[in-house]
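To start, the structure under review is shown below, and the notes come after it.
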Amino acid sequence: MGKIRIQKVSGAVFAAIILLSIAIFCLFFFGGDTPEAERLVADTSMWEPAQTDAVLFWMYALAAITILVTLISALYQFFSQLKHDPKGALMSLVGIVLIVVLLGVTYTIGDGTPLNMIGYDGTENVPFWLKITDMFLYTIYFMIALMLVLMLVFSIRKKFI
């Protein structure tokens, strides 16, 4: 009974997120363009959608919600499993620890050299934000490569077992 209710709730949440995402992206593509005097691009003759901020903030919100739900789920799993299987509970934290280590390594290898961007006068062109950007990009590259390797290994393993 509880599983069916959870499936209904998660399905409804998923549908709401999809519908809201479609609405925001429709605003982005069909919501007109920014007046030329207010454009942030170096070449003001280029098209700049008026609702770019809405898409960016929606992506930030989705990323924050995903991180929050993942951490809450991991902690819930850890504490619920700690009573019955302490060793298994500690093993459930290995994934989180590995991601934190990966983020630390990719942050340290990131380049903090300020970029020479024509027409940009913002405050984010500093080593901290540049290294954060590199950290996320390198982490994404590593995760994609790991996913491809695992897909290959498990598909080959399936053929031989």
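Going by the structure shown, is Ile109 closer than 27 Å to Thr66 by Cα and not acidic (Asp, Glu)? Answer is yes for this residue.
In segment 33-90, which residues are in contact (Cβ under 8 Å) with a residue 40 or more places away in the chain and part of a helix (DSSP H, G or I)? The one that is in contact (Cβ under 8 Å) with a residue 40 or more places away in the chain and part of a helix (DSSP H, G or I): Leu62.
Put simply, of Leu82, Leu115, Leu137 the only residue that is surrounded by 13 or more Cβ atoms within 10 Å (Cβ to Cβ) and either modelled with pLDDT of 95 or more or farther than 30 Å from Ala23 by Cα (or both) is Leu82. Is at least one residue of segment 19-32 part of a helix (DSSP H, G or I), closer than 28 Å to Leu103 by Cβ and among the small types (Gly, Ala, Ser)? Yes, segment 19-32 contains a residue that is part of a helix (DSSP H, G or I), closer than 28 Å to Leu103 by Cβ and among the small types (Gly, Ala, Ser). Does Ile99 fit the bill of being free of Cβ contacts under 8 Å to residues at least 60 places away in the same chain, assigned to a helix (DSSP H, G or I) and either assigned by TED's automatic domain parsing to the domain that holds Ala145 or surrounded by 11 or more Cβ atoms within 10 Å (Cβ to Cβ) (or both)? So Ile99 fits the description; yes.
The values are calculated or read from the model by the stated rules, or taken from the named source; none is laboratory data. All values derive from a computational prediction rather than experimental measurement. Heads up, the Cβs are rebuilt from the backbone with ideal geometry, glycines too, and the neighbour counts pull from every protein chain shown.
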